[in-house]
Amino acid sequence: MKYSRFLLIFIALYSSVAMAKPLYIEITGGQNIGIPIAVAPFSSVVPNDPIERAVEVENISAIIKNDLQNSGHFKTLSVANDANLPRSSVDVKPGFWKNYGAENLLIGSIIPKGNGVYDVSFQLIDIYQDKKPPLLNVRFHNRTPAQFRALAHFISDMIFKKLTGVRGFFSTRIAYITVERFKNETVHTLTVADADGYNDKPVVSANYPLMSPRWSPDGKKIAFVSFRGGRSSINAVSLDTGKIEMLTRFPGINGAPAWSPDGKKLALVLSKDGAPKLYVLDLISRDLRQLTSGGAIDTEPFWHPDGQSILFTSNRGGKPQIYRVLLQTSEVTRVTFNGNYNVTPSLTPDGKQLIMLHQSEKGAYNIAVQDLSSGKLKIITKANLDESPTLAPNGMMVLYGTRETDQNVLGAVTLDGKFRMRLPVQDGNVKEPAWSPFLVEG
């Protein structure tokens with residue numbers, strides 16, 4: 001069973017069906033943990049259109065509240081919209097908010113400037129430091145309602161960094177594969193959406209399998225595997241133009257693309273000369289270098305953040321485990337020793353923790369985190385058939401595929417395993433997620 005599952009990395013196309021519909025979020029564990037913060041509805045004065053005003057106000061405050069809650073690091077407190085809400089830090093009554101359970105309070109306003117544009121401002125207030133200026137006091141000028149969602153995510157990023165010391169991931173995006181089966185054909189779609197599942201857009205659609213989406217470090221391209229004409233190839237699609245460039249189409253397997261940290265090279269898996277092996281493709285010169293050799297299956301490359309080595313999965317020791325190859329010397333060392341099945345490696349940005357798919361002693365396939373200095377391993381998910389872990393660019397949350405009853409969904413879990421949520425589509429299945437790099441300055 002274990003070896004057959006390992007071979008599926010190469011030969012199984014798609015045995016389940018995913019509907020190309022928007023994701024939604026269901027929190028499944030740890031909802032009442034984290035930093036307590038009250039998010040008040042933003043005040044607004046929009047003349048002559050109370051319906052539009054309500055939608056605009058709700059959008060910004062609700063998006064921020066959901067962002068913070070779904071990060072797993074905040075306990076967000078609902079606040080009713082009434083005339084007694086503070087409009088600035090000088091109006092805040094610390095005793096009330098302390099009794100309410102808040103340590104921090106977010107207030108804001110949306111002010112019309114004419115011609116369909118608005119100024120949006122907010123203040124982040126430490127309830128226990130009420131005599132001091134707000135932690136954040138920011139105004140954004142000349143924003144349109146169409147920009148409110150992106151602006152809300154950016155505000156969430158600012159709050160997250162201020163209160164945790166780490167960049168937020170709310171302005172990032174995710175890619176994933178969906179498949180929709182019609183009467184006479186099956187349509188496979190590479191889809192991109194905001195990190196919260198909104199603004200989903202198809203990037204590539206085809207009546208043949210697509211798999212293994214991977215973001216370029218600048219967030220402008222996605223590499224993926226296509227099976228057009230029944231043959232595998234590695235391609236890159238520009239998210240600005242939609243143009244697709246074929247990078248490799250050798251005989252046999254062309255799979256598991258992974259961009260180097262500088263975006264100039266691509267690690268990949270080819271079987272053109274026998275067993276699947278790791279190669280590095282120079283995207284400028286198109287020189288191709290073989291990294292690993294032998295009769296074992298080597299796959300799933302992941303670049304170390306320093307760009308000097310690559311982690312990968314191999315059965316060269318008899319069971320699927322994670323190894324590391326140095327680019328300068330091609331020296332290979334084994335990294336994982338806990339259990340008989342560890343695959344799909346990725347690293348936190350500091351290179352200190354390894355995220356992987358691990359088979360437990362009970363036979364379940366779960367997401368696990370290993371401290372590389374101590375070797376200690378911790379399983380952070382609870383399902384039986386997880387797959388394809390991908391790490392947020394700040395290293396604080398893992399997005400992954402999982403199987404629940406008869407449905408493939410996406411799941412997300414904080415690195416400590418304390419907060420979990422699922423991201424299914426309303427009807428059908430979704431799989432193979434890939435988290436983007438940071439896309440805005442932070």
Whole-Hz couplings from phi, Karplus 6.51/-1.76/1.60, listed for region 288-304; x for Gly and Pro: 10, 10, 7, 9, 10, 9, x, x, 7, 8, 10, 7, 6, x, 9, 6, 5
Using only the Cα atoms of region 290-389, build the gyration tensor, take square roots of its eigenvalues as a ≥ b ≥ c, and label the shape rounded, prolate or oblate: rounded if a/c is under 1.5, else prolate if a/b is larger than b/c, else oblate. oblate
Between the alpha-carbon centers of region 320-363 and region 270-308, tell me the distance in whole angstrom. 16
Taking protein heavy atoms only, a 1.4 Å probe, and rounding to whole percent, the accessible area of the chain owed to carbon and sulfur comes out at 49
Structure-derived Rg/Rh (Cα atoms, Kirkwood Rh): which label, when the choices are [x] 0.98; [y] 1.01; [z] 1.54: [y]
Is the shape of region 153-281 best called rounded, prolate or oblate, per the rule: a/c under 1.5 gives rounded, else a/b larger than b/c gives prolate, else oblate, with a ≥ b ≥ c the square roots of the Cα gyration tensor eigenvalues? oblate
Considering Cα pairs under 8 angstrom that are at least six residues apart, work out the relative contact order of region 173-435 and quote it in whole percent. 11
Of the peptides 369-379, 349-359, how do they stack up when ordered by the mean number of other Cβ atoms within 10 Å, highest first? 349-359, 369-379
Amide H contacts under 5 Å for K75, restricted to residues at least 5 apart in sequence or on another chain and with H modeled in the peptide plane, are I35, I37
If DNA, RNA and ligands are ignored and the probe is 1.4 Å, what is the ranking of V203, V440, V92 by accessible area, most exposed first? V440, V203, V92
Looking at the square roots a ≥ b ≥ c of the eigenvalues of the Cα gyration tensor of region 222-280, which shape do they give, rounded for a/c under 1.5, prolate if a/b is larger than b/c, or oblate? oblate
Show me, for region 158-166, the HN-Hα J-couplings you get by feeding each phi into the Karplus relation (A = 6.51, B = -1.76, C = 1.60, θ = phi - 60°), rounded to Hz, glycine and proline as x. 5, 5, 4, 5, 5, 8, 10, x, 10
Cβ-placed point charges (K, R +1; D, E -1), dipole of region 35-164 about Cα centre in debye, nearest 20: 340
Scan region 337-442 for GluC sites (Glu not before Pro) in coil per DSSP, keeping those whose Cβ has at most 16 other Cβ atoms within 10 Å, and list them by number. E361, E441
Defining a contact as two alpha carbons under 8 Å apart and six or more residues distant in sequence, what relative contact order in percent does the chain show? 14
Nearest 5 percent is fine: what portion of the DSSP beta bridges confined to region 35-164 is antiparallel? 60
Residue-ordered couplings for region 266-274, obtained by feeding phi - 60° into the Karplus form 6.51 cos²θ - 1.76 cosθ + 1.60 and rounding to whole Hz (Gly and Pro as x), are 9, 7, 7, 10, 10, 10, 4, 10, x
When each of K98/K431; K221/K277; K319/K418; K220/K277; K161/K362 is checked by Cα-Cα distance, pairs over 32 Å: K98/K431; K161/K362
Tell me the per residue accessible area of the chain using a 1.4 Å probe; a whole number in Å² is fine. 45
Please give me, ordered by residue number, the trypsin sites (Lys or Arg not before Pro) of region 151-190 that lie in loop per DSSP and have at most 13 other Cβ atoms within 10 Å. K183
Label model pair D273, Q308: point-to-point distance (7 angstrom along the Cα→beta-carbon line) in nm is 2.7
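The values are calculated or read from the model by the stated rules, or taken from the named source; none is laboratory data. Since the model is a prediction, treat every value here as computed from it, not as a measurement. When we count neighbours, we look across all protein chains shown, and the Cβ atoms used for this are built from the backbone with ideal geometry, even at glycine. Protein only, heavy atoms only, side chains kept; ligands, DNA and RNA dropped before computing areas. Shrake-Rupley method; radii C 1.70, N 1.55, O 1.52, S 1.80 Å.
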